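*Asks:* I'd like to ask you about the structure that follows.
The values are calculated or read from the model by the stated rules, or taken from the named source; none is laboratory data. All values reported here derive from a predicted model rather than from experimental measurement. Cβ placement follows ideal geometry from the backbone for every residue including glycine, while neighbour counts extend to all protein chains displayed. For accessibility, only protein heavy atoms count, side chains too; no ligands or nucleic acids. Shrake-Rupley method; radii C 1.70, N 1.55, O 1.52, S 1.80 Å.
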Amino acid sequence: MSSISALLRLVPQALLFDGDAYYRMKARPRALYDGTLLLLALGVGLGLAGAAGAVVAAGAAPRGDELARVLRAGLARLPALQRLSPWPTTWLHCALLGWLAAPQPGLARLLTTPLALALNWLAYGLLAQRAARLLGGCGSLAETLACTALAEVPRVVLLMPLVSPLGLAAAGIEAWVLAARFQALRAAHGLDGWRAFWAAAAAALLLGAASLALAALQLASRGVG
Amino acid sequence: MGAMVVTAWSALRLDAAALRRWSATQGALAWGLALLALASLLGGLAGGAAAAGACLHRPPPGPAEQRAVADLAGWLSRTPLAPDAQHELVRTVAAALELRGNLAGLPRPLGHEAGCALQGLQLATTAPYRRLALWLPYTLAVCAAARALGGRAGPAQMLAATSLYALPHLLDPLLAVPGLEGLARPVLFLWGAAIYLRAWAAASRLGGPRALLAVALPGLAAVTVVMVVMAIVALVWGLRN
């Protein structure tokens, strides 16, 4: 019990950019187990908040299929869009209208949110481990994963159920997580400031590029469909 | 709490020594984040209420949209834009306004009143995230620039100091008062920006020109990236047409 309360005490420290929190995390006897537990708890909480937010958003906005119908008719009448070449507009059209007509059901977020968080953490951890090792780091994969799990805690500020999809406003949370990951890699690998910065940035860029490529592939398949 | 009030008063008067002391205080960042959340929520609640009111009492589409399109056509006729391009722009704006009206008129599952109220509430609750999305990435980028220029202050200290820029924004609900927005918005923005710069210079302990350079660098980099992307898009657009 005291172990869990000690783990929970690291959360506000990590939120407030206290770099010592990651050294304490690394020094815990079962650091990877504790990190995974923390991440799963965070994922479940975010899933619940996301599901509640989706239910509220569904009540506030017109139905998705109605929105899609009006948008389809309205966009077809926009002269500026008619002049664009067909391929980007068709893809965007299909992606937007498909998403509006069939949004992710609120309850599905209970499962998809923790899963997405865990996959993102694992993918980032593996990339960051490689980048940090290339830059002279000496931490193990377990230490990297434990510390980067703690670096996900800034997402707790998303535990507000009424929040609608944030879009660009999520940039603040992502920047917060990235800064926390920088501190996590510094502690896990004993890197100096600039090496930890480049390791954190390189892993984030690689993961971002891979996510963009996946999104483009999905868009392309919808456009073809 | 008392110390926070004294610091707030000093920050509003741009007192550099008080700002430096504040940034080194234990727990300053937690207070700063709470201040940011409070200022954003106050402004967000006022903005959300105004948006919900506008959604509830939106007049049926028609005369206002026609007047806006006529105004745009009149303004465009005084520009050197080719008549064909002017005509197309006016038709596009008219179609977009019509689409906006059609979307606003769609029925909502919980009814129009509840839907508009929830929409206003969502706008209010996302306000802190919108403020965070501007302040946090920019300040972290400024911290990185300052490190490159020889600064030694940590991110927690810099974030704590610059979070006080939100103090004048506690008055953001004034923006919802009809007739006050035009004056209040630039005054609050400039007051906040002055606190940000003063707090940054005080806490970073970089010399004047280097502190200013560190604050300006991320903005300049962002503008450069946007301009390069726009130039590439324009080039591709020109080649395709």
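*Asks:* Determine the shielding of peptide B:89-102 by partner chains: average, over its residues, the number of Cβ atoms on other chains within 10 angstrom of each Cβ.
*Replies:* Per residue, the number of nearby Cβ atoms from other chains is 4 on average.
*Asks:* Of all accessible surface on the protein assembly as shown at a 1.4 Å probe, what whole percent is carbon and sulfur?
*Replies:* For the protein assembly as shown, the apolar C and S fraction of the accessible surface comes to 71 percent.
*Asks:* Tabulate in residue order the Karplus-calculated ³J(HN,Hα) for the range B:213-222, using 6.51 cos²θ - 1.76 cosθ + 1.60 with θ = phi - 60°, rounded to whole Hz; enter x for Gly and Pro.
*Replies:* Residue by residue, the range B:213-222 yields 4, 4, 6, 7, 4, x, x, 4, 5, 5 Hz.
*Asks:* A further question follows. Could you work out the equivalent-ellipsoid semi-axes for the protein assembly as shown, taking the square root of 5 times each eigenvalue of the Cα gyration tensor, largest first, in whole Å?
*Replies:* Square roots of five times the eigenvalues give 40, 29, 25 Å.
*Asks:* How many Cβ atoms of partner chains, on average, are near each residue of A:171-177 if near means within 10 Å of its Cβ?
*Replies:* Per-residue shielding by partner chains comes out at 6.
*Asks:* Which shape class applies to the range B:65-204: rounded if a/c is under 1.5, otherwise prolate when a/b exceeds b/c and oblate if not, where a ≥ b ≥ c are the square roots of the Cα gyration tensor eigenvalues?
*Replies:* It is prolate, given that a/c is not under 1.5 and a/b is the larger ratio.
*Asks:* Provide the FRET efficiency to the nearest 0.05 for the B:Met4-B:Phe189 pair, computing r from the beta carbons and using R0 = 30 Å.
*Replies:* It comes to 0.85.
*Asks:* To the nearest 0.05, how large is the calculated FRET efficiency for A:Ser5 and A:Met160 if R₀ is 30 Å and r is the Cβ-Cβ distance?
*Replies:* 0.75
*Asks:* No partner Cβ under 4.7 angstrom, meaning no disulfide-compatible partner by this rule: which Cys of chain B qualify?
*Replies:* B:Cys143
*Asks:* Using a 1.4 Å probe on protein heavy atoms, which residues of the range A:9-24 have at least 40 Å² less accessible area in the complex than alone?
*Replies:* Going by heavy-atom accessible area, the residues of the range A:9-24 that drop by at least 40 Å² are A:Leu16, A:Phe17.
*Asks:* Sticking with this structure for a sec: Would you mind getting me the FRET efficiency between B:His87 and B:Val236? Use the beta-carbon distance for r and R0 = 25 Å, nearest 0.05.
*Replies:* The computed FRET efficiency comes out at 0.50.
*Asks:* Counting only protein chains, not ligands or nucleic acids, how are A:Asp18, A:Asp34, B:Asp71 ordered by accessible area (probe 1.4 Å), most first?
*Replies:* B:Asp71, A:Asp18, A:Asp34
*Asks:* Additional query: Restricting to DSSP loop positions (anything but H, G, I, E, B) with no more than 16 other Cβ atoms inside 10 Å of their own Cβ, which trypsin sites (Lys or Arg not before Pro) remain in the range A:5-44?
*Replies:* A:Arg30
*Asks:* Here's another thing I want to ask about it. Of all trypsin sites (Lys or Arg not before Pro) in the range B:1-42, which ones are in loop regions per DSSP and have a Cβ with at most 13 other Cβ atoms within 10 Å?
*Replies:* Those satisfying the criteria are B:Arg13.
*Asks:* Could you compute the net charge surrounding B:Val5? Neighbours are other residues with a C-beta less than 15 Å from the C-beta of B:Val5; K and R count +1, D and E count -1.
*Replies:* My count for the surroundings of B:Val5 gives +1.
*Asks:* So if I place +1 on the C-beta of Lys and Arg and -1 on the C-beta of Asp and Glu, and nothing else carries charge, what would the dipole magnitude of the protein assembly as shown be about its Cα centre? I want it in debye, nearest 20.
*Replies:* Roughly 720 debye, rounded to the nearest 20.
*Asks:* Residues of the protein assembly as shown: accessible area per residue at 1.4 Å, in Å²?
*Replies:* Ligands and nucleic acids excluded, the figure is 53 Å² per residue.
*Asks:* Continuing with this model, one more query. Mind grabbing the interface size between B and A? I mean buried accessible area, both sides, 1.4 Å probe, in Å² to the nearest hundred.
*Replies:* 3400
*Asks:* Can you give the convex hull volume of the alpha carbon atoms of the range B:3-46 per residue, in Å³?
*Replies:* Dividing the Cα hull volume of the range B:3-46 by its residues yields 68 Å³.
*Asks:* Can you classify chain B as rounded, prolate or oblate using the Cα gyration tensor, where a ≥ b ≥ c are the square roots of its eigenvalues, rounded means a/c under 1.5, and otherwise it's prolate if a/b beats b/c and oblate if not?
*Replies:* In terms of gyration-tensor shape, oblate.
*Asks:* Which angle between 0 and 90 degrees, to the nearest 10, do you get for helix B:63-76 versus the longest principal axis of chain B when only C-alpha atoms count?
*Replies:* 80
*Asks:* Build a GNM of chain B with springs between Cα atoms under 10 Å: which of B:Gly219, B:Gly120, B:Gly43 gets the top mean-square fluctuation?
*Replies:* With Cα springs under 10 Å in chain B, the top fluctuation among B:Gly219, B:Gly120, B:Gly43 is at B:Gly219.
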